[in-house]
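One structure is given here, and the rest of the page talks about it.
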Amino acid sequence: MKAPLFILAIAASGFGACAQIKLPSNLPTTQQAIQGLKNVVQGVEQGPTQEEIGSALKEALRSGVDTGVSHLAKVGGFERNPMYHIPLPPEMAQLKEKIQKNPALKMALQPKLEVLEAKMNEGAERAMKSVAPIFREAIVSMTLEDVLGILQGDGQAATAYLQKTTQPSVQSAFAPVIQEALDAVDIARYWTPVVEAINANKMLLGVKEDINPDLPAYVNGLATIALFKEIGIQEKKIRQNPLARTSELLKKVFGSKLAQG
């Protein structure tokens with residue numbers, strides 16, 4: 001009989017000890033715990049926040065613009081680049097072959113044509129440095145709607161946004177700079193004699209009317225096309241090539257499911 005009494009004593013003692021332990025009254029139920037885990041998983045799946053998306057898009061645009069402009073603004077950025085080299089205006093390019101076939105005209109005009117073409121490209125290179133403030137203002141002015149549309153757009157959606165919002169301002173900024181650059185290299189010394197010589201030999205060249213293309217406007221147009229094309233190339237690299245994402249924020253946003261569509 002002693003053994004059972006001993007066991008009962010231990011049981012009673014243990015019960016008393018347990019009774020003294022105070023359990024928290026707010027422990028989650030199984031259902032609450034499961035919901036908590038779901039919330040954590042959903043938070044991970046949601047990816048970057050709107051603020052992070054906006055910051056990443058603006059960083060990507062600044063990077064693309066800075067890289068694109070620097071590529072074109074350097075010496076030879078147009079002149080030695082087959083993709084962006086600015087050729088003679090079409091009116092003159094069509095006559096180039098005829099000029100080369102005529103020994104007298106070739107001797108008089110060919111060297112001037114070559115220098116003219118080089119100076120046009122030099123003017124475009126100089127103009128590139130004038131656009132940074134315009135792009136900075138456009139990037140700062142982006143709305144949340146703009147940001148989300150760009151992130152989920154095609155490979156050059158950011159470039160398309162910049163082109164839509166800045167192209168007139170870019171060309172206005174280019175105009176005096178290109179004119180100044182052409183004047184600085186004494187473009188009139190090459191341009192006017194070439195045009196006058198061609199117009200004086202219209203019959204020989206088979207030209208019916210005088211040619212007088214607006215050289216600054218022609219250079220401006222091709223420089224603008226080149227600028228947005230180069231920015232688009234840089235944007236595409238950031239979207240498609242993880243190695244081009246040079247910050248953790250760019251990696252997070254452009255590597256997210258939202259950016260991948």
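Figures for the structure shown
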item	result
Criterion (part of a helix (DSSP H, G or I), at pLDDT 90 or above, of a type outside the set (S, T, N, Q) and surrounded by fewer than 16 Cβ atoms within 10 Å (Cβ to Cβ)) met by exactly one of LYS106, LYS129, LYS164	LYS164
Members of segment 91-103 that are surrounded by fewer than 19 Cβ atoms within 10 Å (Cβ to Cβ) and either touching a His at 6+ places or on another chain (Cβ under 9 Å) or within 16 Å of PRO216 (Cβ to Cβ) (or both)	GLU91
Residue tally, condition of a type in the set (A, V, I, L, M, F, W, C) and either surrounded by fewer than 20 Cβ atoms within 10 Å (Cβ to Cβ) or more than 20 Å from LEU249 (Cβ to Cβ) (or both), over segment 148-161	3
Yes/no for ILE231 being closer than 25 Å to ALA127 by Cα and touching a Gly at 6+ places or on another chain (Cβ under 9 Å)	yes
Subset tally (residues that are closer than 30 Å to THR165 by Cβ and surrounded by fewer than 19 Cβ atoms within 10 Å (Cβ to Cβ)) for segment 77-88	6
Of the criteria (1) assigned to a helix (DSSP H, G or I); (2) at pLDDT below 85, which one VAL207 fails	(1)
Single residue of segment 217-247 satisfying the filter (polar (S, T, N, Q) and part of a helix (DSSP H, G or I)) that is surrounded by the fewest Cβ atoms within 10 Å (Cβ to Cβ)	GLN240
Which listed residue is part of a helix (DSSP H, G or I) and under 25 Å from the mean Cα position of the chain (by Cα), from GLY47, GLY77, GLY54	GLY54
Test result for LEU204, farther than 19 Å from ALA132 by Cα and surrounded by fewer than 15 Cβ atoms within 10 Å (Cβ to Cβ)	yes
Residue that is nearest to ALA244 (Cα to Cα), among those in segment 29-72 that are among the hydrophobic types (A, V, I, L, M, F, W, C) and at pLDDT 80 or above	ALA60
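Okay, residues lined up against (1) in contact (Cβ under 8 Å) with a residue 60 or more places away in the chain; (2) of a type outside the set (Gly, Ala, Ser):
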| residue | (1), (2) |
| --- | --- |
| ALA118 | no, no |
| GLY123 | yes, no |
| PRO133 | no, yes |
| ASP146 | no, yes |
| GLY153 | no, no |
| ALA158 | yes, no |
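The values are calculated or read from the model by the stated rules, or taken from the named source; none is laboratory data. Computed from a prediction, not measured in an experiment: that's the story for all the values here. Heads up, the Cβs are rebuilt from the backbone with ideal geometry, glycines too, and the neighbour counts pull from every protein chain shown.
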